């Protein structure tokens, strides 16, 4: 089975069909991420990171000395290891909540001036 999969992956890789190549791994990668992280949201986020990294590498023309399936599973594993290390998300202190400039205030003043004239 691996020989047939590897041959098809190589064909797609040589033809530049990167999206189609990665589509074959979508369900197994997503399932692995979901089961490792425990929630659908975290699993989907991790899977998205896996595919974005793989697609970027393939589009840059990166070559591998191992079959594509090995690369997919290694990138998945690396992503899962670094995805959620049990750290809490940091929040900014309340005093950092600054308001930015209102991009529309100038236009509102112009419109009020036009309507008033």
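Things worth noting here:
- One residue stands out in region 7-33 among those that are out of contact with any helix residue (DSSP H, G or I) (no Cβ under 7 Å at 6 or more places or on another chain) and closer than 21 Å to residue 77 by Cβ: the one that is surrounded by the fewest Cβ atoms within 10 Å (Cβ to Cβ), namely 27.
- Taken over region 34-62, the residue count meeting the criterion of being within 12 Å of residue 72 (Cβ to Cβ) and either in contact with a strand residue (DSSP E or B) (Cβ under 8 Å, 6 or more places away or on another chain) or surrounded by fewer than 18 Cβ atoms within 10 Å (Cβ to Cβ) (or both) is 3.
Taken together, the values in this text are just the output of simple stated rules run on the coordinates, not laboratory data. Predicted, not measured: the structure shown is a model, and the values here were computed from it. Reconstructed Cβ throughout: ideal geometry from the backbone, glycine too, with neighbour counts over all protein chains shown.
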